[in-house]
Every structure is written in C-alpha cells, then in structure tokens.
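Inspection log for the structure reproduced underneath, given as structure tokens.
Nothing in this text is a laboratory measurement; each read-out follows from the coordinates by a stated rule. Keep in mind that this is a model prediction, so the values were computed, not measured. So basically every Cβ, Gly included, is an ideal-geometry build from the backbone, and we count neighbours across all protein chains shown.
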Amino acid sequence: MDMALVTTTEMFKKSMEQKFAIGAFNVNNMEIIQGIVDAAAESKSPVILQASSSAIKYARINYLMKMVEAAIEEHPDIPVALHLDHGPDFETCKMCVDAGFTSVMIDGSKYSFEENVELTKKVVDYAHAHGVVVEAELGKLAGVEDDVNVDAKDAMYTDPDEAEEFVRRTGCDSLAIAIGTSHGAYKFKGEAKLRFDILAKIKEKLPNTPIVLHGASTVIPELVNMCNEYGGNIPGAKGVPDEMLKQASQNGVSKINVDTDLRLAMTAQIRKVFAEEPSVFDPRKYLTPAREAVKNTVSHKINDVFGSCNKA
Ligand code: G3H
Ligand code: 13P
Ligand code: ZN
C-alpha cells in the first residue's frame, strides 16, 4: 500500500490553529465508506472514519481494513484516520491498535473518575507504544429519555477542573466532553441547548487538547420528514442545529461525531425507492442513491458547517 492512514495529530493541530472541526463519521459498510471519502476528497478535507465495536462485529475487521485501505488508495490526496469509536475495554482497543487503526477511543465515562483514569492510562500506554493516539471521555451524555433533574443533569456535564487533571494524569491525546449533546435521533425535548460556557472553561484549562463532541448529528429535518413520508415512524426526532455546530467548530471543538445523520440519509433514500418503485429488487437500485445521500450529507457538513474544506 503506497498511501497510509494517518493519526489525528496533525489534523487536530491545524484545526486548533485555524479554528475548524474535523468530521468523524461512523462506518459500517462499503457504501458509507465510499460516500464519506468521496465527499471529503471532493472538498479537499481531512476526515476521520470511525467504527464502533458493534460496527466492527457487523462488517468484520478484515473487510473493514481492506475497504478502508481501498478508500485511501483511491484518495491519496486527503488525510484519512481510522478510529475506534467508544472502545468499551482495553482488549478491544488493543485489537484495533494491532489491526492498524491509527486512533482509538477508550470510553470509561461510565466508571468513577479514578477507574476511568486507570483504564485510560492503560490504553494510552499500549497505544502510544504503537504510534496510535487515544481519545478518552469525561462526563456523561444524557439523552431525553434520561429522566434526570436539573442538579443531576449539572453533575453529568464535564467538570473543567476534573478535565485538566484527567488529561494530565492519563496522557490522552484528545478529550470527549459532555455539554448537552446525546446520541441518537432524540436529543432535546424542547429547544436545543448546549453549554458553550463549559466548553470555554474547558478550553481555558486545556488550550492544547483537541476537544471532541459526540452525539452531534443535526437530525436533519428534511431527512426525518422524508423517512416519515415514505413509511417510516420517527416522530419528534431532534438534533443539534447547524448554527451550534458551527459555533462549536470555531470555539475549540476539533472533532465532531456523526452517525445518526448518515443513517437517516441512507434510510430516507432506500424508503423512497421502495415506496415509489415496488418492483425494484436489485440492491444497486437503492444503494446507489443511498450512497449518494451519504456523500451529500458529508459534503454539507464539511463545507457549510465544520469548515474543514480545503484543509487537507
Ligand atoms: O455512538 C455510537 C455510534 O452511533 C455507534 O453506534 O454502536 O450502534 O454502531 P453503534
Ligand atoms: P449521533 O448519534 O448524534 O450521530 O452521534 C454519533 C456519535 O457520537 C458516535 O460516537
Ligand atoms: Zn459517541
């Protein structure tokens, strides 16, 4: 292989200097990978492909590695990192480091502070010895389904002092924080609200640490409507508006994670074909527009929201 995957070190350095964010898009199959890298290449943007442990089980790690290898061979002109999303334990992180991932996330956010430090440090020691960078998480991402009172909600946000201590003690390369986002299609009951004041305090304490925003899909209303129009049932879905993501990109967030919007984009197109052309049974007839929808969604984020176009 002539071209190689890169770590996120250089792209994050540039993102902090020039105040833009890099999209980290979740991958599960060939069409999603192609849609993402085609969009990134067209916009001359760095990009992070990330796979969760369940995505790795689904795609199978050998297929995943070969597909990503093909993607970077086709697009040698843009920096591409391969990242483990929400690594649940040391063993999964080790497996990905050994397989050739250039970045891993260890998600110790469900543990106590001390347990999270210990687990993250163990992953950092192994990953760094193999030239791989590590994302860790501090704080909890609550969803609308998490029925918590205001005090409890405050306790879930990342504490800026703890963040500083956590990064110092673990040596992690980037930090995922909780400032009000959550995973999935139902992020807010009323108005969308992110704690930019907490982000600013964290950046004050950690000016040189790339900050990561999980649960950052917009839950694009046109895609939700299209899914519902063609037989879907996802009422009341709501995400983080583009304006807030733009604000985050310009104020210290270096990596923005997107999965739900890609799921919606694919599903909306597939539903449309199924509804309008019931005689179709060639998968290429619905996977082609689905792949195109992934590409268009990624293009929109890179060009209109994250500001990473022409930063390759
Ligand atoms: O944050 C989770 C990502 O959306 C991945 O989800 O574990 O269903 O692949 P998954
Ligand atoms: P969304 O569900 O908002 O797309 O978030 C994805 C994510 O955080 C992956 O780690
Ligand atoms: Zn996440």
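Remind me, what semi-axes does the stretch 80-218 give for its equivalent ellipsoid, largest first in whole Å, using sqrt of 5 times each Cα gyration tensor eigenvalue?
Gyration-tensor ellipsoid for the stretch 80-218: 26, 16, 14 Å.
Here the relative contact order of the stretch 236-312, from alpha carbon pairs under 8 Å that lie six or more residues apart, stands at 38 percent. Cross-linked pairs Lys19/Lys255; Lys246/Lys272; Lys19/Lys203; Lys13/Lys140: Cα-Cα separations exceed 19 Å for Lys246/Lys272; Lys13/Lys140. Note on Ile61 and Val280: the model spin-label points, each 7 Å out from Cα along the C-beta direction, lie 3.6 nm apart.
Arranged by the count of other C-beta atoms within 10 angstrom, fewest first, what order do Ile48, Ile78 take?
Values: Ile48 28, Ile78 21.
By the 10 Å Cβ count, ascending, the order reads Ile78, Ile48.
A straight line joining the Cα centroids of the stretch 169-243 and the stretch 91-157 runs 17 Å. With R₀ fixed at 41 Å, the C-beta to C-beta distance from Glu118 to Lys44 puts the FRET efficiency at about 0.50.
Sum up the charges of everything whose Cβ sits under 14 Å from the Cβ of Gly35, counting Lys and Arg as +1 and Asp and Glu as -1, but leave Gly35 out.
Details: positive: Arg263, Arg291, Lys295, Lys301; negative: Glu31, Asp38, Glu42, Glu74, Asp259, Asp261, Glu292.
Summing Lys/Arg as +1 and Asp/Glu as -1 gives -3.
Within a straight-line Cα-Cα reach of under 18 Å, Lys122 can be paired with the following lysines, leaving aside sequence neighbours fewer than 8 residues apart in one chain: Lys94, Lys110. Across the chain, C-alpha contacts under 8 Å between residues 6 or more apart give a mean separation that, scaled by the residue count, equals a relative contact order of 23 percent. The convex hull drawn around the Cα atoms of the chain, when projected onto a plane and averaged over every direction, covers 15.4 nm². Of all aspartates and glutamates in the structure, the ones whose alpha carbon falls short of 12 Å from that of Lys193, not counting any fewer than 8 places away in one chain, are Glu243.
Extension gain for the segment Glu243 to Asp304, taken as residue separation times 0.36 nm less the Cα-Cα distance, is 21.0 nm to one decimal. In order along the stretch 33-49, phi translates into HN-Hα couplings of 4, 5, x, 5, 6, 5, 5, 4, 5, 4, 9, 6, 10, x, 8, 10, 9 Hz, rounded to whole numbers, per the Karplus curve 6.51 cos²θ - 1.76 cosθ + 1.60 with θ = phi - 60° and x for Gly and Pro. With neighbour counts taken as other beta-carbon atoms within 10 Å, the residues Cys309, Cys227, Cys93 rank, fewest first, as Cys309, Cys227, Cys93. Segment Thr288..Lys193, full-extension length gain: 30.6 nm, with 0.36 nm per residue of separation and the alpha-carbon distance subtracted.
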